[in-house]
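Enquirer: One structure follows; several queries about it will come next.
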Amino acid sequence: MDKDAVLEALRKGEAKLYALDREHGSADATVLRRSFLEDYSHTTLSNIAHTSLDFDAICGRNAENTIGAAQIPMGVAGPLKVRGTHASGTYYVPLATTEGALIASTNRGCSVITQAGGAVTTVLGDVMTRAPLFRVPDLTHATELVTWAEENFDKLQEVANAQTRYTKLVECMPFVAGRNVFLRFAFSTGDSMAMNSATKASDAVATMIEETFPWAELVSVSGNMCVDKKPSAVNFVLGRGKSVAAEVMIPKDIVESKLKTTAARMADVCYRKIYVGSARAGSVGGFNAHFANVAAAFFAATGQDLAHVVEAATGLTMMEDVDGDLYACVTLPDVPLATFGAGTQLPTQREALSILGLVGSSDVPGERCKALAEVFASTVLAGELSLIGALASRDLTKAHMQYGRARR
């Protein structure tokens, strides 16, 4: 069937956009869908068409019903000196965003941190979670299931660990609500974020539980106690993905020369804005200035799951005046990350990870991804320092007028 015939079939509803891949291959199907939409919308989609992506490799892995690609400007912040447990050295951090002033602001924070000797950072926790939900007859049965799961954790591990090579079950934490039992499984995942592997392992364990207890019915392999792609208290407290922190002590002269303010003023803005303001607003885990800004730009550039920005945006920023010097720290308990698999395999994102020297899997499983987490936390710290500094010096509006608006 030639192109005109396919487009005519699409217009008549005799062909489906999603079915084109099977008949024509994903690369040609992408062109056909785009041509159909150009005709349908009376719009030329030349920019959407402009891409280096291999859709035969991507479809079924990263996207479906493809028509092209979305282009986001990418810049770099740095040099950023990191003194981490897993990441040590100077990094240039790729950031993809449409928000003017964000990269420039983060770059200023990187300069402050580097001049102050670097960010000290460490990974505090590293697990990916999935929480199957079971319906049971009553509380007595709920207690029986929970007790059995706690006493037979080795059996759960055996089933879960047989499903994948690198994703291994390390913990099972039960939660009960009436006739509902949630088993929050925690997995080590190496350099992959491994949500799919965790789901596969959880499903296998759930099947084994149903076979052992016919009265326990799996309602959902994900019962929202994971908690995936939503802000939550349980992730804020227990952690998910990489739990990571970064700190720096900035001498008084650097605060004054680089940030144009004082440590006392920045600590006051931090307390009143981030803690009083967030508490008054009833924020859930959002005790920071703008983690989400840096997270979104970092995730888009390096191929992370963009929906996980909602998790990475939770965390704490702290600033203290120490005899005129400024102590600053960020704590991020919930940062799903990967250097291997999924979006990290896309060519642009792979190149961005290569800038950091943190692409692919490492000889020691998980080491490279932990290093990425420490670079990420240090970059978030840079963003917090620059924004709080701009608020303290009352330069925020001027910066956004300079960088965030087109000069005509």
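Enquirer: Looking at Met266, Met249, Met319, can you tell me which residue is at pLDDT 95 or above, closer than 23 Å to Val112 by Cα and surrounded by fewer than 21 Cβ atoms within 10 Å (Cβ to Cβ)? I'd like the intermediate steps shown before the answer.
Expert: Numbers: Met266 fails: surrounded by fewer than 21 Cβ atoms within 10 Å (Cβ to Cβ); Met319 fails: surrounded by fewer than 21 Cβ atoms within 10 Å (Cβ to Cβ).
On inspection, the qualifying residue turns out to be Met249.
Enquirer: Restricting the search to the stretch 123-167, which residues are in a strand (DSSP E or B) and surrounded by fewer than 18 Cβ atoms within 10 Å (Cβ to Cβ)? Don't jump to the end; show me each part of the working.
Expert: We begin by selecting, within the stretch 123-167, every residue in a strand (DSSP E or B); these are 123-130, 133-135.
The answer is Leu124, Gly125, Arg135.
Enquirer: For Glu38, all conditions in the list (1) assigned by TED's automatic domain parsing to the domain that holds Glu351; (2) within 17 Å of Lys3 (Cβ to Cβ) hold save one; what is the number of the exception?
Expert: Checking Glu38 against (1) assigned by TED's automatic domain parsing to the domain that holds Glu351; (2) within 17 Å of Lys3 (Cβ to Cβ), the one that fails is (1).
Enquirer: Have a look at Ser111, Ser88 and point out the one that is over 22 Å from the mean Cα position of the chain (by Cα), small (Gly, Ala, Ser) and at pLDDT 95 or above.
Expert: Numbers: Ser88 fails: over 22 Å from the mean Cα position of the chain (by Cα).
Result: Ser111 is the single residue among Ser111, Ser88 that is over 22 Å from the mean Cα position of the chain (by Cα), small (Gly, Ala, Ser) and at pLDDT 95 or above.
Enquirer: Within the stretch 364-379, can one find any residue that is touching a helix residue (DSSP H, G or I) at 6+ places or on another chain (Cβ under 8 Å) and either of a type in the set (D, E, K, R) or farther than 30 Å from Gly100 by Cβ (or both)?
Expert: Restricting attention to the stretch 364-379, the residues satisfying the condition of being touching a helix residue (DSSP H, G or I) at 6+ places or on another chain (Cβ under 8 Å) are 372, 375-376, 378-379.
Going one step further and asking which of them are either of a type in the set (D, E, K, R) or farther than 30 Å from Gly100 by Cβ (or both), we end up with none.
For the stretch 364-379, residues touching a helix residue (DSSP H, G or I) at 6+ places or on another chain (Cβ under 8 Å) and either of a type in the set (D, E, K, R) or farther than 30 Å from Gly100 by Cβ (or both): absent.
Enquirer: When the residues of the stretch 84-108 are filtered to those that are in contact with an Asp or Glu (Cβ under 9 Å, 6 or more places away or on another chain) and assigned to a loop (DSSP other than H, G, I, E, B), which remaining residue is surrounded by the most Cβ atoms within 10 Å (Cβ to Cβ)?
Expert: Ala87
Enquirer: Next question. For the stretch 223-233, state whether one or more residues are under 21 Å from the mean Cα position of the chain (by Cα), charged (D, E, K, R) and crowded, with 21+ Cβ neighbours inside 10 Å.
Expert: Applying the first criterion (under 21 Å from the mean Cα position of the chain (by Cα)) to the stretch 223-233 yields 223-233.
Still in the list and also charged (D, E, K, R): 228-230.
This time we only want the ones that are crowded, with 21+ Cβ neighbours inside 10 Å, so: 228.
Within the stretch 223-233 (the criterion being under 21 Å from the mean Cα position of the chain (by Cα), charged (D, E, K, R) and crowded, with 21+ Cβ neighbours inside 10 Å), the answer is yes, since at least one residue qualifies.
Enquirer: With the condition kept exactly as written, say whether any residue in the stretch 139-157 is of a type in the set (Ser, Thr, Tyr), more than 30 Å from Thr379 (Cβ to Cβ) and in contact (Cβ under 8 Å) with a residue 40 or more places away in the chain. Even if it seems obvious, please write down each step before you answer.
Expert: Here is the first cut: in the stretch 139-157, the ones of a type in the set (Ser, Thr, Tyr) are 140, 143, 147.
From what's left, more than 30 Å from Thr379 (Cβ to Cβ): 140, 143, 147.
Then drop every residue that is not in contact (Cβ under 8 Å) with a residue 40 or more places away in the chain, which leaves none.
No, there is no match, as no residue in the stretch 139-157 is of a type in the set (Ser, Thr, Tyr), more than 30 Å from Thr379 (Cβ to Cβ) and in contact (Cβ under 8 Å) with a residue 40 or more places away in the chain.
Enquirer: Is the stretch 51-66 home to any residue that is free of Cβ contacts under 8 Å to residues at least 40 places away in the same chain, outside any loop (DSSP other than H, G, I, E, B) and more than 22 Å from Gly343 (Cα to Cα)?
Expert: no
Enquirer: Taking into account only those residues within the stretch 324-357 that are in contact (Cβ under 8 Å) with a residue 40 or more places away in the chain and among the charged types (D, E, K, R), which is farthest from Ser257 (Cα to Cα)?
Expert: Only one residue fits best here, namely Arg350.
The values are calculated or read from the model by the stated rules, or taken from the named source; none is laboratory data. None of the values given here were measured: they were computed from a predicted structure. Positions of Cβ are backbone-derived with ideal geometry, glycine not excepted, and every protein chain shown enters the neighbour counts.
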